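Only one structure is covered here, and it is reproduced in the block below.
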Amino acid sequence: MEALKRSLIAAALAFAAAAPLPAAAVDAAAVEQLVRQAQFWEARNRPDLARDAWTRVIEADADHVQALERLIDLEARQGSAQRAAEYEARLRAVAPDSAALQRRAQGLPAGADRETVLAQARSLARAGRSAEAIAVWRPLLDAQGEPPPELAVEYYETLAGTDEGWSRAREALARLSGARPDDRRAALAHARVLSYRAATRRDAIRRLEALGESPSPVRADARVALRNALLWLEAGEQDRAAYERYLQSAGNDAEIAAKLDGLDATAQARRRAEADVQRAEILRAGYEALDANDLDAADTFFSNRLGSHPREADSLAGLGLVRLRQQRFAEAESLLGRAVAARPSLRGNLTEAIDTSRYWRRVTQARAARQAGQWREAATLFAAAVQQRPDGDSDVRRDWAEALRESGDVQQAERVLREGLRAAPGDAALIGEYADLLLAQDREAELDVLLAEADRRDPTMLREVRVSLLRTKAARALERNDRAGAQALLQQALAADPQSPWVRLDLARLYRDIGRTAEADSLLQALSETPDGGDPDTLFAQAYALADAQRWYETLIVLERLPASARSADAVSLQRRAWIQYQLQRAGQAAVLGEPGRAVEILNAAIAAAGNGPEHASAIAQGWQALGDPARAVAALRRAFAQRPPSAGQSIQYAALLLELNQDAEFEAVTTDLIQSGRTSAAQRLELEDLIVGYRIKLADRLREGGRIAEAYAQLREVVLRYPDQPRVQSALARLFTSAGDTDKALAIGRALVRSVPDDPVARANAIDAALAANDRESAATWIETARERWPDDPAFVRAAARLAEQRGSRAESLRLLREATALEDRVRRESAVPELMLIGSDGAAREGLPQPVFDLLREDGAESVGPLLPRAGDRGPTPAPMPLSGRRYRLDATLDQPRSPASTMRAGSRPPLRLQLDDGAATAAWPGRPAMRASAPTIDEELRRLEASVGAWASAGLASRSRRGESGLSRLLAIETPLDLVGPEWELGRLGLRVKPVVLDAGEVSGERNKLRFGTLALINGESDDLDQSADGVAVSLSYRVGEFSADIGTTPLGFEVESLVGGLRWQTRLGEASQLSAEFARRAVTDSYVSYAGAYDPLTGRSWGGVVRTGGRLDYAYDLDSYGLYVNGAYYGLSGRNVEENSVLEFGGGLFFRVVQSARHGDLTVGVNLTSFGYDKNLRHFTFGHGGYFSPQFFTTVALPLTWAGHRGRLDYRLEAALGLQSFREDGAPLFPGRASLQQELEEIVEFEPTNEIPLGYESQKNSGLAYKFGGALQYRVNPKLSVGGVLSLDNARDYEESLVHFYLRYDFADRSAEPGTLLAPDLTRGALP
Amino acid sequence: MTGRLLGLCLLAATAAHADDEATALLEAGYVDSAIAEFEARLGSNPYDAIALNNLAVTRAREDDVFAAFDLLDRAARLAPEHPVIGENRATLRTWIMRRIETADRGSGVVVPEPQAVLPPPPDLWVP
């Protein structure tokens, strides 16, 4: 195709040359045509034809420069020098500047042809000598310096190799390739030229890639050029694709591959460089912030950097330095150490910082240990620090010395201080500490020398030392509780250094302690108004003062004024403490405002702020305690203790919580450990002892309630000795005295407590207890009244009111009050337990559809079922009520000698009955109505049951048979009495009782002459009378009434008796104290000694009756019962009268002692005693003749007896056994046969005078008698059920010529449950009415 | 909307069954298991006021009264008209307040008279 094209062009040229043309146009056109033709042939390397063509050009235009130049060359190559010279001459004439001429001038052989030139030029170009090559090219250039067109590409490519020719060559080649788009060589040359310069190399690469892709003759050259360009290229990441494309097409090319690898390395290097720049910037910023002391910023820079580069030495070092500045020495030491490990070359730079960190880390740890009171550990750490830097901070040496002193090594402390002072003689801290040490050891002389030396060195410094000493002395004075001394010392310190905020702080603290709050505030106010008010020290002191006053918000505000640089670790610590405490206040306020949810939320914020550190655990525990959750408080402390052993203060707080939660064992362990550790300050020891006092009181109360009075006293005694002024101690002692029956002492304490702590309900309750026990009802009433006004919901005072009412005899009112107290206690109990909330069922309804009883059961305490249902219910029955100690006592009412008379009947005839006379007190184990001693107060339920039983109604029936041995019809007696009682319930206005008592008396028939002579007036008729049966029956009725301490009864002797009398009595019985009781009675009672004295007899001679004696008078009884022993006395005076019986009177006196030698709930009580009874009647009216009363009436009688009683109860059985042995003596005067009946006596005397032989006595002889007597008896009662009791009493009195026995069965039905009163014998009192 | 309601109904039906189980566990004395059941129910539906109430009841039985109150607070916010929740919350609140009154005297935390609500404190310093 190309050949065809060329042929066509040649034909066209030939045709053109042959065709005729107009002269001018033909000439120019023909010349041009010929030029093209010549060039054509030259391009085809046909110089012969080219010479012909050029020759024709010359022929057409002789001055044609190009033709001349080419012909010179061609002719020269053809060896036609001549012709060449001709053409040269011609050319010189036409164009003297022609390049051909120049080339010739350069010595090219005139005949040198173009090929030679080209070969030379090419050779030079290949040798890289482009400039020389270009010079060689010159002959081939035209006048404009342009190469021949066919050589233009080559020329310009060569030209491009020169420094100055590249641009021209690039432009020319651009032109050429643009003009000849199909000329791949031009395009290649252009691209290659472009590849020579870095700026255009990437353009060249693109062009070469294109040339190398398509198949063409230049493809291989293009690939080569491309490879070169790629090799020359200063490649960047953007060129990676070109290299990869080349390698993909060219295969393995080591150089290009290396270039690509280099590209990767470059990228890495670049990234490293960038990273280095970034790192440098960050480090620079961090270190600049560090230099500017902007620690937060520096911290952020380095921390962030370490987040991504955790091992970067510079960042580790930077953060280490930040931590060092932040005084976080342990972290600093660690970070700096890691930095050196990461880059050992840093060691030199960081050694000092590491040493500093280590030093202060040790110091900080030592100070923390010191703050925690761990003095030995602190001393060890301080020692290590000082060893590291012997010439370090003198404060550290001082602190070391302090730790040594506190751990007991004073000598070492002194040595440390002396060493320090040798190195730094004028150091204020060391001098101060040394002065303090000397002061503590009272080495005043050495202290003076020290201060004088210090004064000589620096008076200003000495002032500080003196002020410090004064503060120290003041602190010690405070430890001794010498507040006045401390105040004086601090005032001196203030005078010495009025500007010292710390002195002001100390003094303000003292003022506040002693209640001079205004002055304390004034001092602090002055502190804030001083010119140094903004001074950090002043602000800090002010903050401490406010913190002392628990003004936490103000503390925080003052601390906010501290500049950031002054926010030391202490300041930060104080701020955190104040913050937490203030949050606790806020939580407390939220709670008070009724927002418990918010309270807990705020408390949780405080907990978060406190973190897990133990230092704030106390505050958090306080917070929970304030919210009423001591268990969480304990938990908070325990968590803290798990991390770090508690400080003494924390242990004390923990102990207090344990005490509150009744964790007694742990409390004892904690407090014992604290005491033994000796790590408590004086103030803490006081605090600890305060807790122990509380615990001792609790123990004492527990022991006291268990009846272990002596052990309780042992617990309390030391406490009382140490803290006699504490109201709670006094209260505890009062309780103990009350329980021990020492009521006077208890009451004395109670009175003092009411005066000293009128607002203390516990003290008030104790005082009331004491007053009630001491029977000081007036005080008790007053105190109860005010207490109930002040604490209306406190059941203790309602209960006290109930006790008072009972003491006043108003058992019904007492019952009402007790019920009120019970309701209050129930309410308190309910309120103290977490309320039972309502579940909501799946139907959305509360569990309220259950029947009420079922619902109630579910809500009962302890009713909740736990675990699987077992086949058999456990023993969940009600726990038997503890046996009240009072159960071991029994009432005196049911004594064996119930139908006691003022005197026993005298044996009929001349021998008087020698009954063993025992007083009530001797025959009984306790006084009626006296509450039994018991160490612990009965529970309110016990009280309730007891009172309910005591105010309940009852009915009883009895059958008593009393049999007295004696002379038939005279002193013999069989009395059968069947009292039927009905007693109503007790109301607040009292209670009524009705008794109907059928009585049958049988003395037998007066028989025998001797007896008949001693009966009535039968002596006047020599005893001649029949039908002298002495038996009678009747029914006695009586009505009884009792209100409070008073009781009264009125009734009759059995209606139907020969003589009927109105009888009754009025009785008042009161207690004078816990152990004392007094009773008084005015009564008119039947004298039941004999048939005559009781029923009255009929005298068949005179037709008149006589007898039916009643005694009317009063009696006083006093008893003092101290539980284990007691005494009693009594006195009485009665007048005695009867129908046709001489008037008589009697004065009685008695007393005795008793001892309860055994008191056992299981085995009963055994009581022994000694009793003295004495009485004397005005007249002896013992006999049965008219005018006599038939009752034993000696003029002097005394007996000394030793009674013994064993009483108790087992289960439902109550029992009592009695025995007494005595010695008695009496004297009775002689008596006329008919005393007070002078006419009868005169008539008798006349009869005797008239009939001196008969045996009719005129009277009765006087007599004296002494002898032994004894008495046995017993009572047994069985409770069929809580309301029904059956019982029997048996007794036997025996003396010389005297014997009386009594058998008494009874049945009693109570309308109330009496099971609360085991041990109480309920036999009816046969003497008085239905009410005992 | 309808689909959402249907979903809630299904959830409620499932939850009701779970609630019955938990209640039965609680009544049988298996308090821990009951708590786990209630919490599981709340895990699937934290806005279940009934479960919140019942969990509060359980917590209260464990003497964890503040947790119980918090639960009741949440329940009351979700179901302010529910009488049982309201009553439970009022009952527990009254009891807590009474206990706070009693305990406050011995805690050592001095609470100023509530003349005005104490302002929030400044920021806690970061050591």
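The values are calculated or read from the model by the stated rules, or taken from the named source; none is laboratory data. Computed from a prediction, not measured in an experiment: that's the story for all the values here. Every residue, glycine among them, receives a Cβ derived from its backbone with ideal geometry; neighbour counts consider all protein chains shown.
Is it the case that the stretch A:756-765 has a residue that's closer than 22 Å to A:Glu789 by Cβ and acidic (Asp, Glu)? Yes, because at least one residue in the stretch A:756-765 is closer than 22 Å to A:Glu789 by Cβ and acidic (Asp, Glu). Out of all the residues in the stretch A:154-161, is one or more within 23 Å of A:Arg184 (Cα to Cα) and not in a helix (DSSP H, G or I)? Checked against the condition, which is being within 23 Å of A:Arg184 (Cα to Cα) and not in a helix (DSSP H, G or I), the stretch A:154-161 yields at least one hit. If only residues of the stretch A:570-585 that are farther than 14 Å from B:Ile100 by Cα and within 7 Å of chain B (Cβ to nearest Cβ) are counted, the one that is surrounded by the most Cβ atoms within 10 Å (Cβ to Cβ) is A:Gln583. Among the numbered conditions (1) within 14 Å of chain B (Cβ to nearest Cβ); (2) over 30 Å from A:Gln625 (Cα atoms); (3) outside any helix (DSSP H, G or I), the only one that A:Ser565 does not meet is (3). The single condition among (1) of a type outside the set (Val, Ile, Thr); (2) outside any helix (DSSP H, G or I); (3) closer than 30 Å to B:Leu71 by Cβ that A:Asp793 does not satisfy is (3). Would the stretch A:351-372 turn up any residue that is crowded, with 20+ Cβ neighbours inside 10 Å and not in a helix (DSSP H, G or I)? So far as the stretch A:351-372 goes, yes, one or more of its residues are crowded, with 20+ Cβ neighbours inside 10 Å and not in a helix (DSSP H, G or I). Of the residues contained in the stretch A:402-413, one or more are found to be within 37 Å of the chain's Cα centre (by Cα) and on the phi > 0 side of the Ramachandran plot. Scanning the stretch A:813-844 for residues that are over 16 Å from B:Asn88 (Cα atoms) and within 9 Å of chain B (Cβ to nearest Cβ), we see that the one that is surrounded by the most Cβ atoms within 10 Å (Cβ to Cβ) is A:Ser842. Is one or more of the residues making up the stretch A:637-648 in a helix (DSSP H, G or I) and within 12 Å of chain B (Cβ to nearest Cβ)? No. Name the single residue that is surrounded by the most Cβ atoms within 10 Å (Cβ to Cβ) among those in the stretch A:38-83 being under 18 Å from A:Pro139 (Cα atoms) and β-branched (Val, Ile, Thr). That would be A:Ile72. For the stretch A:551-561, does any single residue satisfy the condition of being free of Cβ contacts under 8 Å to residues at least 12 places away in the same chain and more than 10 Å from chain B (Cβ to nearest Cβ)? The answer is yes; a qualifying residue exists. For the structure I just gave you, tell me whether A:Gln585 is in contact (Cβ under 8 Å) with a residue 12 or more places away in the chain and in a helix (DSSP H, G or I). Yes, satisfied. Applying the condition of being facing chain B (nearest Cβ under 7 Å) and not basic (Lys, Arg) to the stretch A:586-599 and asking which residue is nearest to the chain's Cα centre (by Cα) yields A:Gly588.
Total residues in the stretch A:600-613 satisfying the condition of being more than 8 Å from every other protein chain (Cβ to nearest Cβ) and assigned to a helix (DSSP H, G or I): the figure is 9.
Considering the stretch A:1175-1224, the residues that are in contact with a Gly (Cβ under 8 Å, 6 or more places away or on another chain) and among the polar types (S, T, N, Q) include one that is surrounded by the fewest Cβ atoms within 10 Å (Cβ to Cβ), namely A:Gln1195. Of all residue pairs spaced 6 or more apart or on separate chains, those with beta-carbon atoms under 7 Å, a first member in the stretch A:308-336 that is more than 13 Å from A:Leu295 (Cβ to Cβ) and within 14 Å of chain B (Cβ to nearest Cβ) and a second member that is among the hydrophobic types (A, V, I, L, M, F, W, C) and buried (at least 17 other Cβ atoms within 10 Å of the Cβ) are A:Phe329/A:Trp360. As a summary of the residue check, A:Glu377 satisfies the conditions (1) closer than 27 Å to A:Ala317 by Cβ; (2) surrounded by fewer than 18 Cβ atoms within 10 Å (Cβ to Cβ) except for the one numbered (1). Screening the stretch A:1067-1125 for residues that are under 30 Å from A:Leu970 (Cα atoms) and acidic (Asp, Glu) and picking the one that is surrounded by the most Cβ atoms within 10 Å (Cβ to Cβ) gives A:Asp1089. Among the residues of the stretch B:65-96, those identified as assigned to a loop (DSSP other than H, G, I, E, B) and more than 9 Å from chain A (Cβ to nearest Cβ) are B:Ala79, B:Pro80, B:Glu81. In the stretch A:1036-1048, of all residues being of a type in the set (A, V, I, L, M, F, W, C) and either buried (at least 16 other Cβ atoms within 10 Å of the Cβ) or touching a Ser or Thr at 6+ places or on another chain (Cβ under 7 Å) (or both), the one that is modelled with the lowest pLDDT corresponds to A:Val1043.
With the condition kept exactly as written, say whether any residue in the stretch B:38-52 is facing chain A (nearest Cβ under 8 Å), at pLDDT 85 or above and touching a helix residue (DSSP H, G or I) at 6+ places or on another chain (Cβ under 7 Å). Looking for residues that are facing chain A (nearest Cβ under 8 Å), at pLDDT 85 or above and touching a helix residue (DSSP H, G or I) at 6+ places or on another chain (Cβ under 7 Å), one finds at least one in the stretch B:38-52, hence yes. Of everything in the stretch A:957-980 that is touching a residue at least 40 places away in the same chain (Cβ under 8 Å) and among the aliphatic types (A, V, I, L, M), the residue that is nearest to A:Lys1012 (Cα to Cα) is A:Leu970.
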